[in-house]
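Read the structure below first, then the notes.
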Amino acid sequence: MSPDARGFKPLSTVLSRRCGSDPALQQLLEILADTCINVAERLQSSAFRRNTTIAGSQNSNGDLQKPLDLEADAIFETHLALLPNVAALVSEERDDVHWLKEPSAGDFIVCFDPLDGSSNIDVGMVVGSIFSVFRLEEDHQPYDLLSVLSGQNQIAAGYALYGPVTELVLGMGDWIDGYCYDPASGTFYRTHPDMTIATDAKEVAINAAREALWPSPIAQFIRDCFTPKLSGGRGANMRWTASMVADVHRILLRGGVFIYPEDREQNARLRLVYEANPIAFLMRSAGARATNGRDDILSLPVNDLHQKVGVVLGACDAVTYIQTQYEKA
Ligand code: AHG
Ligand code: MN
Ligand code: MN
């Protein structure tokens with residue numbers, strides 16, 4: 001029995017309704033889905049090409065690049081360059097904006113983290129891709145681009161998760177759907193329509209190794225989370241996969257909160273443009289919140305393509321509680 005016969009709708013069917021009046025955006029989202037399938041296939045064959053170690057180069061965040069970081073980046077470029085209306089790409093793996101054509105009104109800009117959690121590759125754990133889409137409203141010069149890339153200007157975003165199943169989560173601001181890839185038919189099918197985050201925080205994702213650097217509102221919240229309910233705490237569980245996509249996906253499905261704070265030395269880890277903003281955009285559609293502790297991620301000005309930002313996202317009650325603690329601190 002094909003997945004279709006079990007009642008799951010293929011991606012193209014869903015998108016033709018979701019993007020009804022915007023066939024160009026539908027085409028772009030379908031190309032991005034194809035890109036992710038191609039990245040998944042490349043990952044699956046990587047062990048036999050001995051390319052999971054470092055490439056010897058660094059990206060502008062100072063991270064060592066792996067061949068697969070660069071290969072995934074090239075796969076995004078190859079697919080997106082097929083479309084005549086994608087004007088530019090912004091990637092974690094490229095220092096600057098990569099222009100594909102002279103920009104004109106109506107063109108798309110696509111920002112992406114081609115491989116998220118790439119330290120997981122060597123140990124066979126989950127990795128992902130993150131992307132977001134902007135549309136140029138008028139003819140922009142390249143130097144205007146940072147204002148265009150504000151999180152509030154995103155018109156679509158998504159992420160893929162390369163785990164036991166290749167999954168895709170897509171949204172356009174007023175909806176968010178989850179899809180699973182069926183290798184037999186080469187098609188994504190919608191398995192999770194209109195995703196909504198559970199309201200209570202049952203699980204917390206945080207890199208506890210950095211506890212000494214946590215600002216006090218985070219330290220206090222985490223202490224409360226890890227205090228058993230019997231003793232008056234939240235009695236939450238902890239999970240950390242070191243791949244934002246995987247940690248966020250689990251929280252979207254099971255409830256909870258993901259935290260990678262700006263630390264006491266004012267350092268953050270995650271990148272605003274191609275990690276935090278797309279995920280915050282998707283989370284908002286699922287009824288969740290995303291802040292840097294104090295302010296909504298989507299409201300933050302973009303000053304640099306690779307700027308880093310603290311991230312507190314997930315169930316509204318927990319994110320709002322932490323925000324209150326920041327305001328008191
Ligand atoms: P990337 O592989 O794209 O550089 O992203 C890794 C990010 C994010 O996915 C994850 O949550 C975090 O870095 C892991 O940080 P730690 O190394 O501190 O665990
Ligand atoms: Mn990443
Ligand atoms: Mn990456």
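FYI, it's all coordinate maths here, none of it is from the lab. The shown structure was predicted, so the numbers you read here are calculated from the model rather than taken from an experiment. Neighbour counts are summed over all protein chains in view; Cβ atoms, including those assigned to glycine, are modelled from backbone coordinates with ideal geometry.
By the beta-carbon count within 10 Å of each Cβ, the least crowded to most crowded order of Lys66, Lys101, fewest first, is Lys101, Lys66. If you run the Gaussian network model on the chain, springs between alpha carbon atoms under 10 Å, then out of Ala160, Ala72, Ala208 the most flexible one is Ala208. With the convex hull drawn over the C-alpha atoms of segment 157-246, the volume per residue is 145 Å³.
Rg and Dmax of segment 207-329, based on Cα coordinates, read 13.7, 46 Å. Charges were assigned to the Cβ only: +1 to each Lys and Arg, -1 to each Asp and Glu. The resulting dipole of segment 11-192 about its Cα centre is roughly 560 debye. Across Cys225, Cys111, Cys36, mean-square fluctuation computed from a Gaussian network of the chain (C-alpha pairs under 10 Å connected) peaks at Cys225.
Only helices enter the 222 nm calculation for the chain: every DSSP H run of n ≥ 4 contributes -39,500 (n - 2.57), and dividing by all residues gives -8500 deg cm²/dmol, rounded to 500. Average 1/r across all pairs of distinct alpha carbons in the chain, invert it, and you get the Kirkwood radius: 20.2 Å. Axis of helix 316-328 versus longest Cα principal axis of the chain: the two differ by about 60°, to the nearest ten degrees. For segment 282-329, the calculated P(r) over all alpha carbon pairs, in 10 Å bins from 0 to the bin holding the longest distance, is 27, 51, 21, 0 percent.
Here's the picture: charge each Lys and Arg Cβ at +1 and each Asp and Glu Cβ at -1 in the chain, and of Ile75, Ile197, Leu25 the one pushed furthest to the positive end of that dipole is Ile197.
Rounded if a/c is under 1.5, else prolate if a/b is larger than b/c, else oblate: which is segment 161-200, with a ≥ b ≥ c the root eigenvalues of its Cα gyration tensor? Note, shape of segment 161-200 comes out prolate. Calculated on C-alpha atoms, the gyration radius of segment 52-199 divided by its Kirkwood radius gives an Rg/Rh of 0.98. Kirkwood hydrodynamic radius of segment 252-323, from the reciprocal of the average inverse Cα-Cα distance over all distinct pairs: 12.0 Å. As a length-normalised measure over Cα pairs under 8 Å and 6 or more apart, the relative contact order of the chain settles at 15 percent.
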